[in-house]
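This report concerns only the one structure given below.
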Amino acid sequence: MEKGGKGIVAKMNNFFFSGSATAKLDEKNRFVLPQSMRYGLVENGKLEFVVGLGLGGCLAIYKTSDIQKIVEKFKEKQHIAKFQKFFTLFFSTLHHTSCDKIGRMNLPAHLKKAAGIEKEVVVAGVMDKIEIWPKDKYEDKLAELFNSKEEINEITEEAFAALSESKESDNDN
């Protein structure tokens, strides 16, 4: 039994969010978070997480433990003037939440407005976070990227080259 328990912990330590799904908001600004993504948000037997502003105009869902790590790193920079507006914006819009029994999460009105979300969203797993995009904006960005084969090739090449760079620096240590 203990061996199986260690296997579960190892799987959770290696877990990353991936894939995407489209969801519709109901009249109370709720949508169903895909089950596979909910699974990755569970910590200490609880499904609790934080949603806030993400990069590029989306919203981001973070595991509670990941937000704690972000807070600790930002605390080191809290007295630097150039970050004050960002800190105010980021932390004042964070929303601690969970899902109901059928997997719906509520999208706070201020975050919905900030991201320009109306009725449909794309929920996209992106490594250690889940992004929530207005469906039309997500589709436009994806189409723009796929229409520029040169750009997608360049981005892909740079990303995989960065993997090699990180392996080299790991070997140096």
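The values are calculated or read from the model by the stated rules, or taken from the named source; none is laboratory data. None of these values were measured; they are calculated from a predicted model. For neighbour counting, all protein chains shown are included, and Cβ atoms are generated from backbone atoms with ideal geometry for every residue, glycine included.
Over 11 Å from the mean Cα position of the chain (by Cα), under 22 Å from A124 (Cβ atoms) and not in a loop (DSSP other than H, G, I, E, B): is that true of K85 in this structure? Walk me through how you get there before you give the answer.
Details: over 11 Å from the mean Cα position of the chain (by Cα): yes; under 22 Å from A124 (Cβ atoms): no; not in a loop (DSSP other than H, G, I, E, B): yes.
For K85, the condition - over 11 Å from the mean Cα position of the chain (by Cα), under 22 Å from A124 (Cβ atoms) and not in a loop (DSSP other than H, G, I, E, B) - is not met.
A residue that is touching a strand residue (DSSP E or B) at 6+ places or on another chain (Cβ under 8 Å), surrounded by fewer than 17 Cβ atoms within 10 Å (Cβ to Cβ), hydroxyl-bearing (S, T, Y) and touching a residue at least 24 places away in the same chain (Cβ under 8 Å) occurs somewhere in the range 95-117. E131 passes every criterion in (1) exposed (fewer than 12 other Cβ atoms within 10 Å of the Cβ); (2) among the acidic types (D, E); (3) touching a residue at least 60 places away in the same chain (Cβ under 8 Å) apart from (1). Taking the range 47-63 as the range and being at pLDDT below 95 and out of contact with any helix residue (DSSP H, G or I) (no Cβ under 7 Å at 6 or more places or on another chain) as the test, the residues that pass are G54, L55, G56.
I need the full set of residues from the range 127-149 which are among the aliphatic types (A, V, I, L, M) and in contact with a strand residue (DSSP E or B) (Cβ under 6 Å, 6 or more places away or on another chain), in order please. Break it down stepwise before answering.
Here is the first cut: in the range 127-149, the residues among the aliphatic types (A, V, I, L, M) are 127, 130, 132, 142-143, 145.
Of everything in the range 127-149, those that are among the aliphatic types (A, V, I, L, M) and in contact with a strand residue (DSSP E or B) (Cβ under 6 Å, 6 or more places away or on another chain) turn out to be I130, I132.
All conditions but one from (1) basic (K, R); (2) surrounded by 13 or more Cβ atoms within 10 Å (Cβ to Cβ); (3) modelled with pLDDT under 95 apply to R38; the one that does not is (3). Has the range 118-125 got at least one residue that is surrounded by fewer than 16 Cβ atoms within 10 Å (Cβ to Cβ), at pLDDT 90 or above, of a type in the set (K, R) and more than 27 Å from D26 (Cα to Cα)? Among the residues of the range 118-125, not one is surrounded by fewer than 16 Cβ atoms within 10 Å (Cβ to Cβ), at pLDDT 90 or above, of a type in the set (K, R) and more than 27 Å from D26 (Cα to Cα), which makes the answer no. Residues that are surrounded by 17 or more Cβ atoms within 10 Å (Cβ to Cβ) and among the β-branched types (V, I, T): does the range 14-27 have at least one? Scanning the range 14-27, I find no residue that is surrounded by 17 or more Cβ atoms within 10 Å (Cβ to Cβ) and among the β-branched types (V, I, T), so the answer is no.
Just so you know, in the range 55-72 the residues that are hydrophobic (A, V, I, L, M, F, W, C) and in contact (Cβ under 8 Å) with a residue 24 or more places away in the chain include one that is farthest from F31 (Cα to Cα), and it is I67.
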